[in-house]
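S.K.: Structure incoming, see below.
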Amino acid sequence: MSQTHPPLFNNVSINMFRLWAYRWLQTFQLAIEEINADPKLLPNVTLGFAILDSGESAHTVLEGVTWLLSGRESSIPNYQCSSPRPLAGVIGDASSSMSIPMARMLGLYRYPQISYFATLPLLSDRSQFPSFFRTIPSDEFQHRGLARLVIHFGWTWIGIIAVEDDYGRLGSQNLKKEIEKVGGCVAFSEFFPTTFSEGRTRQIIEVIRSSSAKAILVISFDSYVMPVLVEASRQNITGKVWVATDAWSMASSLTEMNLQNTLEGTIGFAIRRGEIPELNKFLTSINPYSSPMDIFIKEFWGVTFDCLWPPPVENQELETPTKQLCTGTENLKAIHTPYTDASEIRITYNVHNAVYALAHALHGLYSCQPGEGPFANGACAQGNNFEPWQLLYYLERVHFRKGGEEHFFDVQGNPPAVYDIVNWQMVGAGKMAFVTVGRFEAAALPGQDLILNHSTILWNGGSQQVPISVCSENCPTGHRRAARPGQPLCCFDCLSCSAGEVANNTDSSECSLCPEEFWSNEKRDMCIPKLTEFLSFSEPLGAALVAFTGGCSILVVLVSILFVKYHNTPIVKANNRYLSYLLLLALLLSFLCSFLFIGRPDGFSCLLRQVTFGLVFTFCVSCVLAKTIVVVVAFKATQPSRSLKTWTKENIPNKIIFISLMPQFLVCLLWLSCSPAFPEKNMASQPGKITIECNEGSSTAFWCMLGYMGFLAVASFLLAFIARKLPASFNEASSITFSMLIFISVWTSFLPAYRSTQGKYMVATEVFAILASSSALLVCLFFPKCYIILLKPKRNTREHLLGKPTHKNKK
């Protein structure tokens, strides 16, 4: 087992020594040693390894890959210069940008590659990267989880800043899609370069400062975003919530830079935490003398203990050391650095898992029994001379248990997507800690994938009140959102629901219609039963109509009593007293039929009221018509050369009434037979009310009934008008003319009024027309006679009615 550093990397300039990356390297070596010491895993097989520094360029990465494939320090593409094959698989790279060119080249030969920190979703594409695997979930799952996280807190107005490379650009695009899927919007999306730019940094800070978005999602590694965060702290930008991806959510380098005013309250996704029992002991056991083959250990030692190694003997006189010299005997156990801190191992755990995954795949390959293998004719791979695609077969199907967890890869080479959710909190004077406050598991059932302990979360300034990051405040109940033209969906106005609609949840996108028999309350947040309306006896309008109807009916009865009492007087006998009695009966029935229109409509009242009204009023108008004909005939028959004596017989008025009534009777009979009226609940006539009314069944029959009644009234009016010049003392024609004029006027006015009103007022309009027209007939035809009977009895004589002078008795 050996470590080798090829000469081609000697000239690569490394800007800074990353202690956590060196810890990954040591964890890799620990895993190799554990596997080699395990008698059950890969028995009789010893793993070796080579470690290459990938640097920060694709050229360097591809040089290293070709070196691994050829098996010698000079890169010779498509040639393998050592036997047996020295390479089983590759662990790395940490960066997605560097993993992509590696995966393209290794995929050509189907060499397995397992990354522990490359999260770009593009790497899940098996058509481009058929041999790429990873022990860290794809950012596709992280983006979905981050979108769920921000929406969970009600943050619908999100700012995104990202590093300007593949990781940042593609991550920004995917994250924006996921946020929009769950109903959020992106307020701005800004990119910063991988190399520091003061001007660009200040531009980004100005965008953040001026935006109303309080939640800022950062897609970057800590080293790239550090200048932006430092400038934000320098300008004292507080009140913002920084949402971190797993690339920097556990960056201790940021917590040590006195950025608490800005970064306190940061929340983000972190790679799940794991346990490696022997790690701390292994990390602190190394020193430059026990690991002489480790080419990085002296640089690591100098950075860790802030010391310098003595220069070579020939240069000792030329250089004056500015720091204390390293001795190699310094104690790692006595200090606390990101390297020695094994309490929060996450990416380190992924490195450990990657090595074990490859080892278990090799174990499966070596455990194959001839004749029972997975390849053609049950063949197995040939020992140390296996093909890379054969090991790839076993790696795709690897499934092992380690640290109490199941480890495997899906069809795209991804592990189970499980994240911890961490919150950056102040734990002392100027000290910040990463507190685990929840968990996201992509494979869990909807609603159970995101678990948070809200009581443990602290925001900027130590507040437990969740910050608000919205373009528009949530609409209250009873309102709906109305998008603003040209702006994202999260920017909207709140409009009150229309009558009959409700929104019983805040921030509703639309209002819901109430059920048919319900209506919205004043706040438009609840459906309540509609008010039931009909013309009732108890309400003022109904009571007034009932009182007037009763009064008129009593008057008719009094007039009838008066006429009966003075039955044999000339004024009663005039114009056929029996016809007057029939007319009084018809008027009484006309007034009384009004009661059928008042009260809650039911099947009986609906069936009878219009038919009764039509027949009674036709009977009434027929009596008037008969009376008119009697008046005309009576006077015309007394003139010479007139043969109208037959029209003066007593049964002629009865025949006229019968003949006039029959057509109306037939119309009503046909109406009841074919389309009778019935009660119904009218939901549409008046908003918020249920009008219980009678559906007339056939509007044609209704209007035919009114039309025929109008025809009789017009005929009576015309006949009375013709007879108006007959002797006035005996002539009722004038009274009939005036009463019919009022009758026709009332019902002519009724038509537009009836059509323009609704509900109980439509019924009241018809009742009013009935009462008005009936009252007109009563007043015009009978009140003058009552006046003579009661107040002018001397005029109640035959002579006065015939217009003859009265003679006094001679002495």
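The values are calculated or read from the model by the stated rules, or taken from the named source; none is laboratory data. Note that the structure is predicted; figures quoted are calculated from it, not measured. Cβ atoms come from the backbone with ideal geometry, glycine included; neighbour counts cover every protein chain shown. Each accessible area value is taken on the protein alone, full model and side chains, heavy atoms only, with ligands, DNA and RNA left out. Shrake-Rupley method; radii C 1.70, N 1.55, O 1.52, S 1.80 Å.
S.K.: Multiply the residue gap between K40 and S285 by 0.36 nm, knock off their C-alpha separation, and tell me the result in nm, one decimal place.
M.R.: Working: separation 245, 0.36 × 245 = 88.20 nm, distance 2.60 nm.
Result for the pair: 85.6 nm of gain on full extension.
S.K.: Then there's this: May I ask for the Rg/Rh ratio of the chain, computed from Cα atoms with Rh as the Kirkwood radius, given to two decimals? Mind dumping the intermediate values first?
M.R.: Values: Rg = 52.0 Å, Rh = 36.3 Å.
On the Cα set of the chain, Rg over Rh gives 1.43.
S.K.: State, to one decimal in nm, how far the label point of M257 lies from the label point of V411, with both points 7 Å from Cα in the Cβ direction.
M.R.: If labels sit at M257 and V411, their model points lie 4.3 nm apart.
S.K.: Sorted by packing (mean other beta-carbon atoms within 10 Å per residue), highest first, where do 117-130, 258-271, 344-357, 430-443 land?
M.R.: 344-357, 258-271, 117-130, 430-443
S.K.: Right, another one. Can you find, among A381, N44, L589, the residue farthest towards the positive end of the dipole of the chain? Put +1 on the C-beta of Lys and Arg, -1 on that of Asp and Glu.
M.R.: Positive-end residue among those listed: L589.
S.K.: Any idea how far apart S675 and R484 come out in nm if each label point goes 7 Å out from Cα toward Cβ?
M.R.: The answer from the label model is 5.5 nm.
S.K.: Rolling a 1.4 Å sphere over the protein heavy atoms, what is the accessible area per residue of the stretch 338-415, to the nearest Å²?
M.R.: Computed with neighbouring chains in place, this is 44 Å² per residue.
S.K.: Determine the calculated [θ] at 222 nm for the chain from helices alone, applying -39500 (n - 2.57) to every DSSP H run no shorter than 4 residues and normalising by the residue count; nearest 500 deg cm²/dmol.
M.R.: On the way: 22 runs with 341 residues, N = 811.
Rounded to the nearest 500, it is -14000 deg cm²/dmol.
S.K.: Output the pairs from K655/K785; K573/K785; K523/K689 with a Cα-Cα distance over 22 Å in this structure; if there are none, say none.
M.R.: Working: K655/K785 26 Å; K573/K785 11 Å; K523/K689 17 Å.
From K655/K785; K573/K785; K523/K689, over 22 Å: K655/K785.
S.K.: For G64, what charge total do you get from the other residues with a beta carbon under 10 Å from its beta carbon, if Lys and Arg give +1 and Asp and Glu give -1? Walk me through the numbers before you get to the answer.
M.R.: Values: positive: none; negative: D53, E63, D93.
Value of the local net charge: -3.
S.K.: Let's test the formula: R0 of 25 Å, r as the Cβ-Cβ distance of L445 and Q173. What FRET efficiency results, to the nearest 0.05? Don't jump to the answer; show the numbers that get you there.
M.R.: On the way: r = 28 Å, r/R0 = 1.12.
Rounded to the nearest 0.05, the efficiency is 0.35.
S.K.: A further question on this structure: With a sphere of radius 10 Å drawn around the Cβ of D507, what net charge do the other residues whose Cβ falls strictly inside it have (Lys, Arg +1; Asp, Glu -1)? Write out the running numbers ahead of the final one.
M.R.: Numbers: positive: R480, R481; negative: E473.
Every neighbour counted, the sum reads +1.
S.K.: What FRET efficiency comes out for S127 versus V182 if R0 is 35 angstrom and r is the Cβ-Cβ distance? Round to the nearest 0.05. Present the calculation step by step, with values, prior to reporting the outcome.
M.R.: Numbers: r = 29 Å, r/R0 = 0.83.
Rounded to the nearest 0.05, the efficiency is 0.75.
S.K.: To continue, here is another question. Can you give me the % of accessible surface on the chain that is carbon or sulfur? Probe 1.4 Å, all protein chains present, nothing else counted.
M.R.: On the way: 22390 of 39220 Å².
Looking at the chain in its full context, I get 57 percent from C and S.
S.K.: For the stretch 419-518, what is the accessible area per residue in Å², given a 1.4 Å probe and the full set of protein chains? Don't skip to the answer; put the middle values down first.
M.R.: Working: 5550 Å² over 100 residues.
Value for the stretch 419-518: 55 Å² per residue.
S.K.: Could you let me know the centre-to-centre spacing of the stretch 493-539 and the stretch 126-189, using Cα atoms, in angstrom?
M.R.: Distance between centres, Cα-based: 42 Å.
S.K.: Among DSSP bridges having both ends in the chain, what percentage is antiparallel? Round to the nearest 5.
M.R.: On the way: 37 of 65 bridges.
Among the beta bridges of the chain, antiparallel pairing accounts for roughly 55 percent.
S.K.: For the stretch 233-293, max minus min Cα coordinate along each principal axis, in Å, sorted largest first?
M.R.: Here the spans come out as 50, 26, 16 Å, largest first.
S.K.: Determine the sum of side-chain charges near I692: Lys and Arg each +1, Asp and Glu each -1, restricted to other residues whose C-beta is under 15 angstrom from that of I692. Each step should come with its number before you reach the end.
M.R.: Values: positive: K530, R600, R609, K681, K689, K760; negative: E516, E517, E533, E539, D602, E680, E693, E696.
Spelling it out: positives minus negatives among the neighbours equals -2.
S.K.: Under 13 Å Cα to Cα from K323, which aspartates and glutamates show up? Leave out anything in the same chain fewer than 8 places away.
M.R.: Excluding near neighbours in sequence, the set is D306.
S.K.: Between E278 and S210, what's the calculated FRET efficiency when r is the beta-carbon distance and R0 is 56 Å? Round to 0.05. Provide the component values of the computation, followed by the final result.
M.R.: Numbers: r = 52 Å, r/R0 = 0.93.
Efficiency for this residue pair is about 0.60.
S.K.: At a temperature of 10 °C and a viscosity of 1.306 mPa s, determine how fast the stretch 276-425 diffuses translationally according to Stokes-Einstein, using the Kirkwood radius over alpha-carbon pairs as Rh; express D in µm²/s, rounded to the nearest whole number.
M.R.: Once the numbers are plugged in, D ends up at 80 µm²/s.
S.K.: Let me ask something additional. What aspartates and glutamates could a cross-link reach from K333, if we take a straight Cα to Cα line under 13 Å and drop same-chain neighbours fewer than 8 places away?
M.R.: D341
S.K.: Test of understanding: express the Cα radius of gyration of the stretch 145-302 as a ratio to 2.2 N^0.38 Å, with N the residue count. Numbers along the way, then the final one.
M.R.: Values: Rg = 18.5 Å, N = 158, 2.2 N^0.38 = 15.1 Å.
My calculation over the Cα atoms of the stretch 145-302 gives 1.23.
S.K.: What is the distance, in nm, between label points placed 7 Å from the Cα along the Cα-to-Cβ direction at Y754 and at E522?
M.R.: 3.9 nm
S.K.: Okay, which of the stretch 232-263 sit inside 14 Å, backbone N to the point 7 Å along the Cα-Cβ direction of M426?
M.R.: 238-239, 258-263
S.K.: Among L391, I451, A433, flag the residue with its Cα farthest along the positive direction of the charge dipole of the stretch 374-455, charges on Cβ as +1 for Lys/Arg and -1 for Asp/Glu.
M.R.: My answer, from the dipole projection, is A433.
S.K.: Here's something else I'd like to know. Given the Cα-Cα distance of L666 and S343 and 0.36 nm per residue of separation, how much length would full extension add, in nm?
M.R.: Details: separation 323, 0.36 × 323 = 116.28 nm, distance 10.14 nm.
Difference between extended and current length: 106.1 nm.
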